[in-house]
Amino acid sequence: MSIRPATAADAAQIARICLLTGDVARDATGAFCDDTAISDVYATPYLEGPGGFALVWDVDGEARGYVLGTDGTDSFQRWFSEQWWPRVGAHRTARTEKDGWLLPAAADPHRMLIAESVAYPAHLHIDLLDDQQGRGAGRALIEAACKLLAQREAPGVHLSADAHNAGALAFYPRVGFHVLSSDDGAVVFGRTL
């Protein structure tokens, strides 16, 4: 088990991990208009977008988890709205209840932006397959991402967790994050680097 930078060869596995954890840490297969929709919003853009990074939790040569994000949320959001989503999302139409929030959220040019962006300009996403949870992988990935972002001189990083994901809500404070804001649907956490 090790952490390494993702390569182009990891893209399909990163998309698969996102799908298998995409319904409040449960399998989202069949939940959206197609099984790549969730990863096209929350995972694969970070392999291409400005300031993007992706680190994988490698077990025997296979990615079994990841942490990915960007060191500059504002520029990443602009790129996502102006280039990425028009290219990969324009053909999608809502077919399921979950598409009713995913597709409009992806099209929202302010979705990733937070009021505290000066102090926390970077953001990240982390997902691990079930068989890798409870092994220290999450903590190791967070620390590796924070080290990388600090090297890029980001003063802070934020992330968002579903308000119903009890595991995530308990985990992030244990790895140095504190609540920046919350509402009925999500909790935004921040960590100074």
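Quick note: the coordinates plus some simple rules give every number you see, no bench work behind them. Note that the structure is a prediction, hence the values are computed from the model and not measured. Heads up, the Cβs are rebuilt from the backbone with ideal geometry, glycines too, and the neighbour counts pull from every protein chain shown.
Summary table
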{"read-out": "Over the chain: helical MRE at 222 nm, DSSP H runs n ≥ 4 each giving -39500 (n - 2.57), nearest 500", "value": "-9000 deg cm²/dmol"}
{"read-out": "Mean Cβ neighbour count within 10 Å, used as a protection proxy, ranking 158-164, 51-57 highest first", "value": "51-57, 158-164"}
{"read-out": "For segment 2-155, size of Cβ-based charge dipole, Lys and Arg +1, Asp and Glu -1, in debye", "value": "140 debye"}
{"read-out": "Compactness of segment 2-155 as Cα Rg over 2.2 N^0.38 Å, two decimals", "value": "1.01"}
{"read-out": "Positive minus negative residues near Gly51 (Lys, Arg vs Asp, Glu; Cβ under 14 Å)", "value": "-2"}
{"read-out": "Segment 94-137: C-alpha gyration tensor shape, a/c 1.5 cut-off, then a/b vs b/c", "value": "oblate"}
